[in-house]
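One structure is given below, encoded as structure tokens.
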Amino acid sequence: MTRHFLALHDYNEIELYGMLTLARELKAKQKQGTAHRLLEGKTVALIFEKASTRTRVSFEVGVFQLGGHGLFMSSGTSQMGRGEPIKDSARVMSRYCDGVMIRTFGQEIVEEFARYSSIPVINGLTDLFHPCQIMADLLTVIEYKHTYEGLTFAWVGDGNNMANTWIEAAAIFGFDLKLACPQGYEPDAAVLAWAQAQAPGRIQLTTDPKVAVQDADVINTDVWASMGQESEQKEREQAFAGYCLDDALLALAKPDCIVLHCLPAHRGEEISDSVIEGRNSVVWDEAENRLHIQKAIMATLIK
């Protein structure tokens, strides 16, 4: 049966940890200059309905390093952008390619594509989930902290796709997560309810950033207005006043905590320049790890 990578909850801890382990092995091989062409002769379609820097570059480079070919497609230059049914596109692409990555808006789009696809479909980002990014973040945590077990994770900001996926990760991997989101900007209620049922007591939701970051081992944040929410920028700036991850907020966490940000960052809004450039920041390793974990995901799924 074809397996897809649409959300973390489709996998258990052992399966996800296996991908993280493979990512570390592939990263070591790349650093050593050792070939790891696990997708030799394979073609992966990379479909973008949202603008991208890290997702596009990391997937294209990743497919190439694995010995395959990445085929970039945008909605503006394909029939999907002209209204071709998703199920038709999925069945056609399955005849041409060995795997598909989609970066789009609604989670229902990748789910419908996967339902009609006979090849693996990878969620490169939707409005609901960002599983590749959180896997890269966990890979970074393991590199710096050697484990995720027993750590306290903090999220400061919008209850967006990143927050939703961190919630899933906390339930699956069994670590403590404290989220600080302004009233009216909470994570998806269904995702939160599922996770709290899976891991009672692990996930705490507050409106106070100070509560969330207190004694945290890992702090993560993201822009206040994601793609498609630009018209809400001014309104969100008011709602998120006090939610900037600055030196004063960082000081409440453990001295050796690490700071994550999926990028791009709006310095001076959700994170200060001093923090993102400071000694606790690991955002550049985090960004690099998108490449390594996505290679592991593709190598695991595409046969």
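The values are calculated or read from the model by the stated rules, or taken from the named source; none is laboratory data. Remember, predicted model here, so these are calculated numbers, not experimental data. Here the Cβ positions follow ideal geometry from the backbone for every residue, glycine too, while neighbour counts run over all protein chains shown.
Specify which of the listed residues (Ala45, Ala90, Ala136, Ala114) is among the aliphatic types (A, V, I, L, M), in contact with a Ser or Thr (Cβ under 6 Å, 6 or more places away or on another chain) and under 25 Å from His9 (Cβ atoms).
Ala90
Only residues that are free of Cβ contacts under 8 Å to residues at least 60 places away in the same chain, more than 15 Å from Phe48 (Cα to Cα) and in a helix (DSSP H, G or I) were counted in segment 109-126, giving 2. I'd like to verify a number: residues in segment 1-31 that are farther than 24 Å from His69 by Cβ and either part of a helix (DSSP H, G or I) or at pLDDT below 95 (or both), how many? Qualifying residue count for the region: 14. Against the test of being over 22 Å from Ala171 (Cα atoms), in a loop (DSSP other than H, G, I, E, B), outside the structural domain of Met101 (by TED's automatic domain parsing) and over 18 Å from the mean Cα position of the chain (by Cα), the options Arg279, Arg236 yield a single qualifying residue, Arg279.
The selection criterion, being out of contact with any Phe, Trp or Tyr (no Cβ under 8 Å at 6 or more places or on another chain), touching a residue at least 40 places away in the same chain (Cβ under 8 Å), of a type in the set (Phe, Trp, Tyr) and surrounded by fewer than 24 Cβ atoms within 10 Å (Cβ to Cβ), holds for Tyr96. Of the helices (runs of 4 or more DSSP H) lying entirely inside segment 127-232, those containing at least 3 residues that are buried (at least 22 other Cβ atoms within 10 Å of the Cβ) span 131-145, 161-173, 209-213.
Contact map, segment 284-303: first residue within 12 Å of Met135 (Cβ to Cβ), second residue assigned to a helix (DSSP H, G or I) and among the charged types (D, E, K, R), Cβ cut-off under 7 Å, separation 6 or more or different chains; pairs are Glu286/Asp137; Arg290/Arg54; His292/Lys27. Regarding Gly70, is this residue at pLDDT 95 or above, out of contact with any His (no Cβ under 7 Å at 6 or more places or on another chain) and on the phi > 0 side of the Ramachandran plot? No; evaluated as a whole, the condition is false for this residue.
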